[in-house]
Amino acid sequence: MQMQSIAIDRALFQGAVSVEQKEDGWKPWRIPYKEFSLFPPNGIGGTAEISAGVRLRFSSDTTTVRLELAQLETQVQVDLIYGEDTLVTRELEPGRTTVEFDGLPGQEKLIEIYLPQKVPTIVKALTIDEGAVWNIPDIARTKWVTYGSSITQCNAAFSPARTWPALVARRFGLDLTCQGFSGNCHLEPMVARQIRDLPADIISLCLGINVYGGGTLNRRTFQAAVIGFVQIIREKHPDTPIVLMSPIWSPSREQVTGASGFTLSEMRSEIEDATARLSALGDQNLHYVNGLTIFDETSAEHLPDQLHPNGQGYSIMGSNFGSLVMQPLLERYGLDRRPAVANG
């Protein structure tokens, strides 16, 4: 089949903070890549170059889409979404570089390709049917920025469009920027500044589990760091709804003191108290969510290592967060699909 190339440029990428043009293609980053040295160690523990939540978005009447990536050393999945959220998943085996999606309907449709959520990727080429038309649509969507740990990056999700943030974003038509950094959610001020500077209509911060395990903050500093993180974001998002979500259920940590000096149960109380302190001083757009309402012991079979949900577990998280958190927020703030603007 004769194919034509789509010119790769920054406008194709959604959910990336920056995109680096390299000799062999385009690499999406979840930090400003030119400021790499300001996000130690090694770009937020090497996680900022992982393409979690990053999509290629365009409209076309093509029946075939072919994507070429730089060679990867691990098996990954790539998802293509078209029409009313029709999902097609392709496996990319180690050593292979190309995935093809064929049999798509011939009418014009919005296409989103979710890049792997667990490895860095470099996009080398994107091709469609010879003679097909395509464009990059200017679609106003409610912008959602979510921050967290590996439980927000979701390596064990069935595929990149089925992480819990992606499931919520697809359900409500949101423009997602995922700031889930596996093992590296430690409330760094530079990450707070980055979220502050991103356009966002809704911000969610899933905090605690990496601090619990790493002991990077303690009883003296954890709540202060939570408060400071929120206040930095508020410098440019004074009225944006912010969700502070405490850790989901982890049976071996609930009543066991970690390196931080907290049990997981105590850590939830610290986050709830930080929310109350800020709200008492006038922040009426700050909302606490107990992580146990999103994933608890009733889903124990989907928590194989007692810490990370499996694919079905992330589906449960997405369903619960969507119904209990996102839908009420969208309704309360009148945010359904309205254009997003950067505050400040």
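Values quoted throughout were computed directly from the atomic coordinates according to the rules given, and no laboratory measurement underlies them. Note that the structure is a prediction, hence the values are computed from the model and not measured. As a convention, Cβ positions derive from the backbone with ideal geometry for all residues, glycine included, and neighbour counts pool all protein chains shown.
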TODO: Report, in deg cm²/dmol and to the nearest 500, the calculated mean residue ellipticity at 222 nm for the chain, where each DSSP H run with n ≥ 4 adds -39500 (n - 2.57) and the sum is divided by the residue count.
DONE: -6500 deg cm²/dmol
TODO: Grab the beta carbon distance between residue 293 and residue 220, set R0 = 22 Å, and tell me the FRET efficiency rounded to 0.05.
DONE: 0.20
Open item on the list: Given Cα positions, please report Rg to Rh for segment 189-344, the hydrodynamic radius being the Kirkwood one.
Closed with: 0.97
- [ ] Pop a pseudo-label 7 angstrom from the Cα along the beta-carbon direction at both residue 305 and residue 255 and give the gap in nm to one decimal.
- [x] 2.6 nm
Task: Over 31 Å (Cα to Cα) - which of 109/236; 124/236; 22/143 fall in this group - done: 109/236; 124/236
- [ ] Report, to two decimal places, the Cα Rg of segment 3-135 normalised by 2.2 N^0.38 Å (N = number of residues).
- [x] 1.05
TODO: Give me D for the chain in µm² s⁻¹, whole number, from Stokes-Einstein with Rh from the Kirkwood sum over alpha-carbon pairs, 10 °C and 1.306 mPa s.
DONE: 77 µm²/s
Open item on the list: Taking the Cα centroid of segment 95-158 and of segment 259-292, what is the distance between the two, rounded to the nearest whole Å?
Closed with: 35 Å
Open item on the list: How much length would be gained if the chain were fully extended between residue 139 and residue 193, taking 0.36 nm per residue of separation minus their Cα-Cα distance, in nm to one decimal?
Closed with: 16.8 nm
